[in-house]
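See below for the structure under consideration.
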Amino acid sequence: MKRRKFLKRASLTGIGVAVGTTILANTPSKKINEIKNSLTKTKENFPIVISTWDVPNATKKAGLLLEEGSSSIDAIEKGCMVEEADLNNQSVGNGGRPDRDGHVTLDACIMDKSGNYGSVVYMKNIIHAISVARKVMEDTPHVILAGKGAEKFAISKGFKKTNLLTEASKKAWEDWKKESNYKPIINIENHDTIGMLAIDKNGDISGGCTTSGLAYKMAGRVGDSPIIGSGLFIDNKIGGATATGMGEEVLKTVGSFLIVELMRQGKTPQEACEEAIHRIVSKNDNYKNFQVGYIAINKKGETGYYSIHEYFSVSIYKDSNCTNVPSDFYNKN
Ligand code: ASP
């Protein structure tokens with residue numbers, strides 16, 4: 001029986017290569033990729049990590065952990081922590097840009113293979129928001145903790161209180177206050193919110209998303225990143241998706257949930273990301289003034305990514321390599 005299965009698989013692979021070779025000459029590259037993907041044996045695509053933006057350290061950290069046999073949820077937490085601790089990344093964790101009152105407030109969420117979810121919103125003074133989100137998921141009867149309550153919970157779990165406003169972020173805020181013009185910048189520094197999706201060696205999917213949110217937001221503002229279905233959604237039977245960019249637009253279209261549902265209906269991760277971006281653009285005459293980027297992965301380990309504007313990119317860890325790949329985008333005018 002085993003041998004028969006093996007022969008069947010081997011002959012299918014053989015046909016695939018032959019088919020692939022004959023059509024390579026005159027088939028558009030998108031189609032070729034689809035065919036190659038469809039012929040890939042499931043297991044060969046694991047483990048895999050995909051993150052928003054050019055974040056090699058975080059993505060590698062998660063990828064190496066997966067190679068060593070870690071679960072996808074552990075890899076996601078540890079990978080996101082790398083960006084949260086990086087003072088040079090002014091969009092996530094320590095050193096993040098503050099709200100317009102000068103407070104750095106963090107949003108983060110995490111989701112596991114069983115559909116469990118934990119999140120913190122508008123949390124101050126704690127660097128590793130992703131880890132607090134995981135504790136909310138694992139150690140409380142709730143799914144979201146906000147503001148002071150989230151901070152108090154974090155401290156009760158042993159997290160250290162830290163002033164997250166660095167001199168660099170403080171100076172940028174003071175400069176901003178001179179005009180106080182709230183206009184989120186497209187692709188600020190090319191590494192905003194980190195959203196990360198991973199499949200471990202067992203084929204189980206988890207995801208996480210962590211951010212200091214849009215710079216100079218109103219006090220109390222919460223973006224898409226910590227909200228289930230908007231900034232992140234995982235269904236271990238189907239796949240996962242996560243977002244970066246103008247959170248209000250992602251929230252209004254429940255973008256990550258939409259992408260997972262589109263994959264459930266048979267769309268590839270790429271097609272699903274494109275449709276989710278089209279939803280935003282088609283409702284919004286103002287789309288030229290903001291960026292949204294989505295990434296997605298399906299159960300087979302196929303990935304997709306798409307944004308409104310140029311210069312969104314993704315980091316992918318696969319086969320012990322971490323690559324930064326530019327994303328295709330909608331606004332080509
Ligand atoms: N999506 C995040 C938010 O709206 C911001 C970002 O990705 O830069 O808070």
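The values are calculated or read from the model by the stated rules, or taken from the named source; none is laboratory data. Every value quoted in this text rests on a predicted model; they were computed, and no experiment measured them. Don't worry about glycine lacking a Cβ; one is built from the backbone with ideal geometry, like all the others, and counts go over all protein chains shown. Surface areas here come from the heavy atoms of the whole protein model, side chains and all, with no ligands, DNA or RNA. Shrake-Rupley method; radii C 1.70, N 1.55, O 1.52, S 1.80 Å.
For the pair Asn163 and Arg100, a Förster radius of 30 Å applied to the C-beta separation gives a FRET efficiency near 0.95, rounded to the nearest 0.05. Computed over protein heavy atoms with a 1.4 Å probe, the carbon and sulfur contribution to the accessible area of the stretch 72-126 reaches 41%. Residues in the stretch 44-137 average 29 Å² of solvent-accessible surface per residue, probe 1.4 Å, ligands and nucleic acids excluded. Computed from point charges on the beta carbon alone (+1 for Lys and Arg, -1 for Asp and Glu), the dipole magnitude for the stretch 196-314 about its Cα centre is near 140 Debye.
Take each peptide in 226-233, 247-254, count the other Cβ atoms within 10 Å of every residue, and average; sorted highest first, the result is 226-233, 247-254.
Near Glu167, once Lys and Arg are set to +1 and Asp and Glu to -1 for all other residues with Cβ below 15 Å from its Cβ, the sum equals +1. Each peptide in 137-147, 257-267, 174-184 was scored by the mean count of other Cβ atoms within 10 Å over its residues; highest first, the order is 257-267, 137-147, 174-184.
Ligands, DNA and RNA left out, the 1.4 Å accessible surface of the stretch 261-333 is 42% carbon and sulfur atoms.
Toward the positive end of the charge dipole of the stretch 70-167, about the Cα centre and with charges on Cβ (Lys, Arg +1; Asp, Glu -1), which of Ser71, Gly149, Thr105 goes farthest? Value computed over the given set: Gly149. About its Cα centre, the dipole of the stretch 110-227 is roughly 460 debye, where the only charges are +1 on Lys and Arg Cβ and -1 on Asp and Glu Cβ. In the stretch 86-234, a dipole from Cβ-located charges (positive for Lys and Arg, negative for Asp and Glu) runs towards its positive end, and of Gly115, Phe159, Cys209 it is Phe159 whose Cα lies farthest in that direction.
Of Glu271, Glu302, the residue with the largest accessible area leads and the full order is Glu271, Glu302 (1.4 Å probe). A Förster distance of 35 Å, applied to the separation of the beta-carbon atoms of Asp319 and Lys183, puts the FRET efficiency at 0.30.
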